[in-house]
Amino acid sequence: MKTKIVVLILVLSVLLSGCVNSEEKTVKIAQQFGLAYAPLQLAKELDLIEKHLPDYTVEWKQIMNTATIREGMLSSDLDIGFMGIPPFLIGYDKGMNWKIFRGLSKAPLGLTYNKDKISSLEEIDIKHKIALPQPGSIQHILLAMYLERETGTANSLDDYLLTISHPDGQLALLSNSEVAAHFTSPPYIFEELKEDNVDFLVDGNEAFGGEFTFIVGVVRDKFNNQEAIDGINKGVDEAVEMIINDPGKAAEILAPIYGLDEETTLSYLTWDGMDFNNEILGIEKFSGFMLRNDYIETEILEEDVLNEQ
(Lines give C-alpha, C1' and ligand atoms only; values in the text may rest on other atoms or scores of the structure.)
Protein backbone atom coordinates (compact mmCIF):
# COMPACT_ATOMS: atom_id res chain seq x y z
CA MET A 1 0.00 0.00 0.00
CA LYS A 2 2.83 2.39 0.95
CA THR A 3 4.53 1.63 -2.36
CA LYS A 4 1.37 2.58 -4.29
CA ILE A 5 1.09 5.85 -2.36
CA VAL A 6 4.72 6.72 -3.07
CA VAL A 7 4.23 5.97 -6.78
CA LEU A 8 1.06 8.08 -6.85
CA ILE A 9 2.87 11.00 -5.21
CA LEU A 10 5.69 10.75 -7.73
CA VAL A 11 3.25 10.69 -10.66
CA LEU A 12 1.39 13.72 -9.31
CA SER A 13 4.68 15.55 -8.80
CA VAL A 14 5.67 14.92 -12.42
CA LEU A 15 2.27 16.07 -13.68
CA LEU A 16 2.32 19.24 -11.58
CA SER A 17 5.87 19.95 -12.67
CA GLY A 18 4.74 19.63 -16.27
CA CYS A 19 1.98 22.18 -15.68
CA VAL A 20 4.42 24.68 -14.22
CA ASN A 21 6.88 24.17 -17.07
CA SER A 22 4.05 24.56 -19.58
CA GLU A 23 3.11 27.92 -18.07
CA GLU A 24 6.74 29.05 -18.10
CA LYS A 25 7.07 28.06 -21.75
CA THR A 26 4.45 30.46 -23.05
CA VAL A 27 5.20 33.97 -24.21
CA LYS A 28 2.40 36.41 -25.09
CA ILE A 29 3.34 39.24 -27.46
CA ALA A 30 1.33 42.34 -28.40
CA GLN A 31 1.86 44.47 -31.48
CA GLN A 32 -0.04 47.45 -32.86
CA PHE A 33 -0.99 48.67 -36.33
CA GLY A 34 1.42 49.97 -38.95
CA LEU A 35 4.46 49.27 -41.07
CA ALA A 36 6.84 50.14 -38.23
CA TYR A 37 5.91 46.73 -36.80
CA ALA A 38 6.95 44.93 -40.01
CA PRO A 39 9.73 42.87 -38.36
CA LEU A 40 7.23 41.53 -35.84
CA GLN A 41 4.77 40.65 -38.58
CA LEU A 42 7.48 38.83 -40.52
CA ALA A 43 8.60 36.99 -37.40
CA LYS A 44 5.00 35.94 -36.82
CA GLU A 45 4.39 34.80 -40.41
CA LEU A 46 7.66 32.86 -40.62
CA ASP A 47 7.64 31.45 -37.05
CA LEU A 48 11.05 33.00 -36.46
CA ILE A 49 10.61 33.32 -32.71
CA GLU A 50 9.43 29.72 -32.48
CA LYS A 51 12.57 28.79 -34.43
CA HIS A 52 14.71 30.17 -31.63
CA LEU A 53 12.34 29.08 -28.84
CA PRO A 54 11.24 25.62 -30.02
CA ASP A 55 9.90 24.64 -26.60
CA TYR A 56 7.67 27.71 -26.31
CA THR A 57 4.14 28.52 -27.34
CA VAL A 58 4.09 32.04 -28.82
CA GLU A 59 0.76 33.86 -28.61
CA TRP A 60 0.31 36.99 -30.75
CA LYS A 61 -2.26 39.71 -30.06
CA GLN A 62 -3.10 42.70 -32.29
CA ILE A 63 -3.77 45.66 -30.00
CA MET A 64 -5.24 49.07 -30.87
CA ASN A 65 -3.26 51.20 -28.40
CA THR A 66 -0.76 51.22 -25.56
CA ALA A 67 -3.40 51.61 -22.85
CA THR A 68 -4.70 48.15 -23.75
CA ILE A 69 -1.16 46.74 -23.70
CA ARG A 70 -0.63 48.26 -20.26
CA GLU A 71 -3.83 46.67 -18.96
CA GLY A 72 -2.81 43.32 -20.48
CA MET A 73 0.56 43.41 -18.75
CA LEU A 74 -0.99 44.36 -15.42
CA SER A 75 -3.28 41.33 -15.65
CA SER A 76 -0.46 39.08 -16.97
CA ASP A 77 -2.42 38.51 -20.18
CA LEU A 78 0.61 39.93 -22.02
CA ASP A 79 4.33 39.48 -21.44
CA ILE A 80 5.84 41.57 -24.24
CA GLY A 81 4.56 44.73 -25.92
CA PHE A 82 5.82 47.04 -28.64
CA MET A 83 5.05 50.76 -28.43
CA GLY A 84 6.37 54.32 -28.58
CA ILE A 85 8.63 55.67 -25.84
CA PRO A 86 6.23 58.35 -24.42
CA PRO A 87 3.37 55.99 -23.45
CA PHE A 88 5.95 53.66 -21.95
CA LEU A 89 7.25 56.55 -19.82
CA ILE A 90 3.72 57.45 -18.69
CA GLY A 91 3.15 53.87 -17.53
CA TYR A 92 6.51 53.79 -15.74
CA ASP A 93 5.75 57.13 -14.06
CA LYS A 94 2.46 55.69 -12.78
CA GLY A 95 4.23 52.78 -11.11
CA MET A 96 4.59 50.12 -13.77
CA ASN A 97 8.02 48.58 -13.34
CA TRP A 98 8.23 47.46 -16.96
CA LYS A 99 11.46 47.72 -18.92
CA ILE A 100 12.60 48.43 -22.48
CA PHE A 101 14.60 45.52 -23.89
CA ARG A 102 15.16 46.60 -27.51
CA GLY A 103 14.47 49.11 -30.22
CA LEU A 104 12.50 48.02 -33.28
CA SER A 105 12.19 50.88 -35.77
CA LYS A 106 12.43 54.50 -36.75
CA ALA A 107 9.85 55.81 -39.19
CA PRO A 108 8.72 59.01 -40.93
CA LEU A 109 5.84 60.00 -38.68
CA GLY A 110 4.04 63.22 -39.43
CA LEU A 111 1.03 65.46 -39.20
CA THR A 112 -1.09 65.57 -42.36
CA TYR A 113 -4.09 67.81 -42.94
CA ASN A 114 -7.02 68.02 -45.32
CA LYS A 115 -6.62 71.21 -47.38
CA ASP A 116 -10.38 71.38 -47.94
CA LYS A 117 -10.89 71.77 -44.19
CA ILE A 118 -7.96 73.87 -42.94
CA SER A 119 -4.77 75.45 -44.26
CA SER A 120 -2.85 75.61 -40.96
CA LEU A 121 -3.07 74.57 -37.31
CA GLU A 122 -4.14 78.11 -36.44
CA GLU A 123 -7.51 77.29 -38.04
CA ILE A 124 -8.18 74.34 -35.72
CA ASP A 125 -11.25 75.18 -33.62
CA ILE A 126 -14.32 73.52 -32.14
CA LYS A 127 -15.42 72.30 -35.59
CA HIS A 128 -12.18 70.37 -36.17
CA LYS A 129 -10.34 67.45 -34.66
CA ILE A 130 -6.77 66.13 -34.82
CA ALA A 131 -6.84 62.34 -35.03
CA LEU A 132 -4.17 60.28 -33.26
CA PRO A 133 -4.03 56.93 -31.43
CA GLN A 134 -4.53 58.26 -27.88
CA PRO A 135 -3.50 61.05 -25.49
CA GLY A 136 0.06 60.35 -24.37
CA SER A 137 0.91 58.48 -27.57
CA ILE A 138 4.16 59.31 -29.31
CA GLN A 139 2.12 61.18 -31.94
CA HIS A 140 0.50 63.32 -29.24
CA ILE A 141 3.82 64.09 -27.54
CA LEU A 142 5.52 64.96 -30.84
CA LEU A 143 2.66 67.33 -31.63
CA ALA A 144 3.05 68.90 -28.19
CA MET A 145 6.83 69.27 -28.69
CA TYR A 146 6.20 71.04 -31.97
CA LEU A 147 3.59 73.32 -30.42
CA GLU A 148 5.82 74.22 -27.49
CA ARG A 149 8.54 75.35 -29.86
CA GLU A 150 6.21 77.17 -32.27
CA THR A 151 3.68 78.70 -29.86
CA GLY A 152 5.21 78.38 -26.41
CA THR A 153 2.32 76.22 -25.18
CA ALA A 154 2.61 72.45 -25.56
CA ASN A 155 -1.02 71.56 -24.78
CA SER A 156 -2.72 74.34 -26.75
CA LEU A 157 -4.56 71.86 -29.02
CA ASP A 158 -5.26 69.10 -26.50
CA ASP A 159 -8.99 69.93 -26.47
CA TYR A 160 -9.20 69.11 -30.18
CA LEU A 161 -7.68 65.62 -30.09
CA LEU A 162 -9.67 62.59 -31.22
CA THR A 163 -8.58 59.12 -30.12
CA ILE A 164 -8.87 56.80 -33.10
CA SER A 165 -6.88 53.99 -34.71
CA HIS A 166 -4.58 54.80 -37.63
CA PRO A 167 -6.77 53.07 -40.25
CA ASP A 168 -9.91 54.83 -39.00
CA GLY A 169 -8.04 58.12 -38.76
CA GLN A 170 -7.06 57.84 -42.40
CA LEU A 171 -10.65 57.24 -43.42
CA ALA A 172 -11.89 60.13 -41.29
CA LEU A 173 -9.32 62.56 -42.70
CA LEU A 174 -10.42 61.81 -46.26
CA SER A 175 -14.14 61.81 -45.55
CA ASN A 176 -16.68 64.52 -44.77
CA SER A 177 -15.98 64.40 -41.03
CA GLU A 178 -14.70 66.69 -38.29
CA VAL A 179 -11.17 65.26 -38.61
CA ALA A 180 -9.07 67.96 -40.26
CA ALA A 181 -5.60 66.65 -39.38
CA HIS A 182 -4.03 63.29 -38.58
CA PHE A 183 -0.73 62.60 -36.79
CA THR A 184 0.11 59.17 -38.11
CA SER A 185 2.74 56.70 -39.27
CA PRO A 186 3.49 54.42 -42.25
CA PRO A 187 1.79 53.11 -44.29
CA TYR A 188 -1.14 55.44 -43.50
CA ILE A 189 0.84 58.66 -43.93
CA PHE A 190 2.13 57.44 -47.32
CA GLU A 191 -1.38 56.59 -48.45
CA GLU A 192 -2.82 59.92 -47.28
CA LEU A 193 -0.19 61.98 -49.08
CA LYS A 194 -1.20 60.39 -52.38
CA GLU A 195 -4.46 62.36 -52.18
CA ASP A 196 -4.62 65.77 -53.91
CA ASN A 197 -6.41 67.39 -50.99
CA VAL A 198 -3.95 66.20 -48.31
CA ASP A 199 -0.73 67.99 -47.42
CA PHE A 200 2.06 67.61 -44.90
CA LEU A 201 2.55 70.01 -42.00
CA VAL A 202 5.42 68.68 -39.86
CA ASP A 203 7.41 65.45 -39.65
CA GLY A 204 8.37 63.62 -36.49
CA ASN A 205 12.09 64.42 -36.56
CA GLU A 206 11.35 68.14 -36.98
CA ALA A 207 8.91 68.03 -34.07
CA PHE A 208 11.37 66.11 -31.88
CA GLY A 209 14.41 68.10 -32.95
CA GLY A 210 16.43 65.12 -34.20
CA GLU A 211 16.25 61.35 -34.60
CA PHE A 212 14.40 59.10 -32.19
CA THR A 213 13.33 55.49 -31.97
CA PHE A 214 9.67 55.14 -32.88
CA ILE A 215 8.91 51.64 -31.57
CA VAL A 216 10.58 49.86 -28.65
CA GLY A 217 10.06 46.42 -27.15
CA VAL A 218 8.85 46.35 -23.53
CA VAL A 219 8.73 43.46 -21.05
CA ARG A 220 6.50 43.34 -17.97
CA ASP A 221 8.33 43.30 -14.66
CA LYS A 222 7.22 39.83 -13.54
CA PHE A 223 8.13 38.13 -16.81
CA ASN A 224 11.60 37.29 -15.57
CA ASN A 225 12.63 35.07 -18.49
CA GLN A 226 15.84 36.10 -20.22
CA GLU A 227 15.79 32.95 -22.35
CA ALA A 228 12.51 34.07 -23.93
CA ILE A 229 13.72 37.64 -24.40
CA ASP A 230 16.89 36.38 -26.11
CA GLY A 231 14.82 34.17 -28.41
CA ILE A 232 12.51 37.05 -29.31
CA ASN A 233 15.50 39.26 -30.07
CA LYS A 234 17.03 36.62 -32.34
CA GLY A 235 13.77 36.06 -34.21
CA VAL A 236 13.10 39.78 -34.68
CA ASP A 237 16.71 40.43 -35.72
CA GLU A 238 16.37 37.73 -38.36
CA ALA A 239 13.25 39.46 -39.69
CA VAL A 240 15.09 42.81 -39.74
CA GLU A 241 17.89 41.20 -41.74
CA MET A 242 15.36 40.00 -44.32
CA ILE A 243 13.89 43.49 -44.70
CA ILE A 244 17.36 44.95 -45.19
CA ASN A 245 18.91 42.24 -47.35
CA ASP A 246 15.89 40.85 -49.21
CA PRO A 247 13.18 43.54 -49.11
CA GLY A 248 11.44 42.06 -52.14
CA LYS A 249 10.82 38.80 -50.29
CA ALA A 250 9.68 40.70 -47.20
CA ALA A 251 7.28 42.76 -49.34
CA GLU A 252 5.86 39.61 -50.93
CA ILE A 253 5.01 38.22 -47.48
CA LEU A 254 3.72 41.46 -45.98
CA ALA A 255 1.72 42.90 -48.91
CA PRO A 256 -1.50 40.91 -48.35
CA ILE A 257 -1.36 41.57 -44.60
CA TYR A 258 -1.27 45.33 -45.11
CA GLY A 259 -3.75 45.23 -47.98
CA LEU A 260 -1.21 46.61 -50.46
CA ASP A 261 0.33 45.33 -53.67
CA GLU A 262 3.92 44.05 -53.53
CA GLU A 263 5.41 46.99 -55.43
CA THR A 264 3.83 49.52 -53.07
CA THR A 265 4.83 47.52 -49.99
CA LEU A 266 8.42 47.35 -51.23
CA SER A 267 8.53 51.10 -51.82
CA TYR A 268 7.16 51.75 -48.33
CA LEU A 269 9.58 49.36 -46.62
CA THR A 270 12.52 51.07 -48.31
CA TRP A 271 11.17 54.61 -48.00
CA ASP A 272 13.64 57.21 -46.78
CA GLY A 273 13.42 57.27 -42.98
CA MET A 274 12.19 53.68 -42.57
CA ASP A 275 14.94 52.18 -40.44
CA PHE A 276 14.62 48.84 -38.66
CA ASN A 277 17.20 48.14 -35.93
CA ASN A 278 17.51 47.53 -32.17
CA GLU A 279 18.85 51.01 -31.35
CA ILE A 280 17.10 52.99 -28.60
CA LEU A 281 17.19 56.77 -29.02
CA GLY A 282 15.29 59.58 -27.29
CA ILE A 283 14.35 58.32 -23.83
CA GLU A 284 15.75 61.22 -21.83
CA LYS A 285 14.74 63.95 -24.28
CA PHE A 286 11.15 62.68 -24.28
CA SER A 287 11.29 62.35 -20.49
CA GLY A 288 12.60 65.89 -19.98
CA PHE A 289 9.91 67.42 -22.18
CA MET A 290 7.13 65.36 -20.60
CA LEU A 291 8.26 66.26 -17.08
CA ARG A 292 8.47 69.96 -17.96
CA ASN A 293 4.91 69.89 -19.33
CA ASP A 294 3.33 67.70 -16.62
CA TYR A 295 2.76 64.61 -18.75
CA ILE A 296 4.82 62.74 -16.12
CA GLU A 297 5.64 63.67 -12.51
CA THR A 298 9.17 62.32 -11.99
CA GLU A 299 12.43 62.45 -13.90
CA ILE A 300 13.09 59.18 -15.73
CA LEU A 301 16.61 58.34 -16.85
CA GLU A 302 17.65 55.84 -19.48
CA GLU A 303 19.43 53.74 -16.86
CA ASP A 304 16.16 53.43 -14.93
CA VAL A 305 14.19 51.77 -17.69
CA LEU A 306 16.53 49.64 -19.80
CA ASN A 307 16.27 45.91 -19.20
CA GLU A 308 19.55 44.48 -17.99
CA GLN A 309 20.80 41.77 -20.31
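Consider segment 264-290 and keep the residues that are out of contact with any Ser or Thr (no Cβ under 7 Å at 6 or more places or on another chain) and among the hydrophobic types (A, V, I, L, M, F, W, C). The one that is nearest to Gln226 (Cα to Cα) is Ile283. All of (1) modelled with pLDDT of 95 or more; (2) under 20 Å from the mean Cα position of the chain (by Cα) hold for Asp221 with one exception: (1). So which residues in segment 57-92 are farther than 22 Å from Phe286 by Cα and in a helix (DSSP H, G or I), if there are any at all? Hits for segment 57-92 are Glu71, Gly72, Met73, Leu74. Note on segment 91-128: among residues that are among the small types (Gly, Ala, Ser) and within 23 Å of the chain's Cα centre (by Cα), the one that is farthest from Glu308 (Cα to Cα) is Gly110. Out of the strands (runs of 3 or more DSSP E) lying entirely within segment 147-251, which hold 1 or more residues that are of a type outside the set (Ser, Thr, Tyr) and surrounded by fewer than 14 Cβ atoms within 10 Å (Cβ to Cβ)? Where strands (runs of 3 or more DSSP E) fall fully within segment 147-251 and carry at least 1 residues being of a type outside the set (Ser, Thr, Tyr) and surrounded by fewer than 14 Cβ atoms within 10 Å (Cβ to Cβ), they are 198-203. Just a yes or no: is a residue in segment 280-296 under 24 Å from Trp60 (Cα atoms) and either surrounded by fewer than 20 Cβ atoms within 10 Å (Cβ to Cβ) or among the hydrophobic types (A, V, I, L, M, F, W, C) (or both)? Looking through segment 280-296, at least one residue is under 24 Å from Trp60 (Cα atoms) and either surrounded by fewer than 20 Cβ atoms within 10 Å (Cβ to Cβ) or among the hydrophobic types (A, V, I, L, M, F, W, C) (or both). Each residue in segment 107-146 was checked for being under 21 Å from Phe289 (Cα atoms), among the hydrophobic types (A, V, I, L, M, F, W, C) and in a loop (DSSP other than H, G, I, E, B), and 2 pass. Suppose the filter is small (Gly, Ala, Ser), surrounded by fewer than 24 Cβ atoms within 10 Å (Cβ to Cβ) and touching a helix residue (DSSP H, G or I) at 6+ places or on another chain (Cβ under 9 Å); does Ala67 pass it? When the stated conditions are applied, Ala67 passes them.
The values are calculated or read from the model by the stated rules, or taken from the named source; none is laboratory data. Just so we're clear, the structure is a prediction, and the values are computed from it rather than from any experiment. No Cβ is skipped: glycine too gets one built from the backbone with ideal geometry, and neighbour counts run over all protein chains shown.
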